[in-house]
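This report refers to the structure that appears directly beneath it.
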Amino acid sequence: MKAIIQTGGKQYWISEGEELNIELPAHQPNTKDTLLQINEVLYVGEGQMKQVGQPFVAGASVELECLSEIKTPKVIAFKFKRRKGYHRTVGHRQKLLRVKVKKIHLPV
């Protein structure tokens, strides 16, 4: 079973049992082993059975198990203006959620 889901403004090609990193949702789960339900499914397919949404497949959903919260490597933004004595350094680390695809629910 394969699916394409949309979360955090990005699309992911997934299958059951696969682990992936997604952007931390606004309604972030606060505990480990929490299930997260994604209803924005763009495509569901297995063998000859395929369904493409317009934009989403009605009734399809994906269950994700939250494994851990991680951070990406630090990105440094350095600005300066030559001969003016101006320089500024800003760092950023994106928070991600490590999840495992538990079940892809087909539309009824």
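The values are calculated or read from the model by the stated rules, or taken from the named source; none is laboratory data. These numbers were taken from a predicted model, which means no experiment stands behind them. Neighbour counts run over all protein chains shown; Cβ positions are idealised from the backbone, glycine included. Only protein heavy atoms, including side chains, enter the accessible area calculation; ligands, DNA and RNA are left aside. Shrake-Rupley method; radii C 1.70, N 1.55, O 1.52, S 1.80 Å.
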Exercise. Looking at (1) more than 17 Å from the chain's Cα centre (by Cα); (2) under 15 Å from residue 16 (Cα atoms); (3) in contact (Cβ under 8 Å) with a residue 60 or more places away in the chain; (4) open to solvent by less than 40 Å² (accessible area, probe 1.4 Å), can you tell me which one residue 106 breaks?
Worked result: (4)
For this session: Give the number of residues within the range 1-10 that are open to solvent by less than 40 Å² (accessible area, probe 1.4 Å) and not β-branched (Val, Ile, Thr).
Result: 1
Problem set entry | Selection count, the range 60-103, where residues are open to solvent by less than 90 Å² (accessible area, probe 1.4 Å), within 30 Å of residue 1 (Cα to Cα) and either assigned to a strand (DSSP E or B) or not polar (S, T, N, Q) (or both) | 16
Exercise. Among the residues of the range 44-67, which ones are more than 30 Å from residue 32 (Cβ to Cβ) and among the small types (Gly, Ala, Ser)?
Worked result: 45, 47, 53, 58
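Okay, residues lined up against (1) more than 16 Å from residue 14 (Cα to Cα); (2) at pLDDT below 95:
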| position | (1), (2) |
| --- | --- |
| 45 | no, yes |
| 50 | no, yes |
| 62 | no, no |
| 66 | no, yes |
| 73 | yes, no |
| 76 | yes, no |
| 80 | yes, no |
| 85 | yes, no |
Problem set entry | Failed criterion for residue 31 (all others in (1) farther than 25 Å from residue 106 by Cα; (2) at pLDDT below 95; (3) within 17 Å of the chain's Cα centre (by Cα) hold) | (3)
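With the requirement that a residue be among the hydrophobic types (A, V, I, L, M, F, W, C) and part of a strand (DSSP E or B), what does the range 5-51 give you? Don't jump to the end; show me each part of the working.
Residues of the range 5-51 among the hydrophobic types (A, V, I, L, M, F, W, C): 5, 13-14, 20, 22, 24, 26, 35-36, 38, 41-42, 44, 49.
Selection gives 5, 13, 14, 20, 22, 35, 36, 38, 41, 42, 44, 49.
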For this session: Output yes when any residue across the range 11-34 is of a type in the set (Phe, Trp, Tyr) and loosely packed, with under 15 Cβ neighbours inside 10 Å, and no when none is.
Result: yes
Problem set entry | Filter result (surrounded by 14 or more Cβ atoms within 10 Å (Cβ to Cβ) and either among the small types (Gly, Ala, Ser) or farther than 20 Å from residue 6 by Cβ (or both)) within the range 35-58 | 45, 53
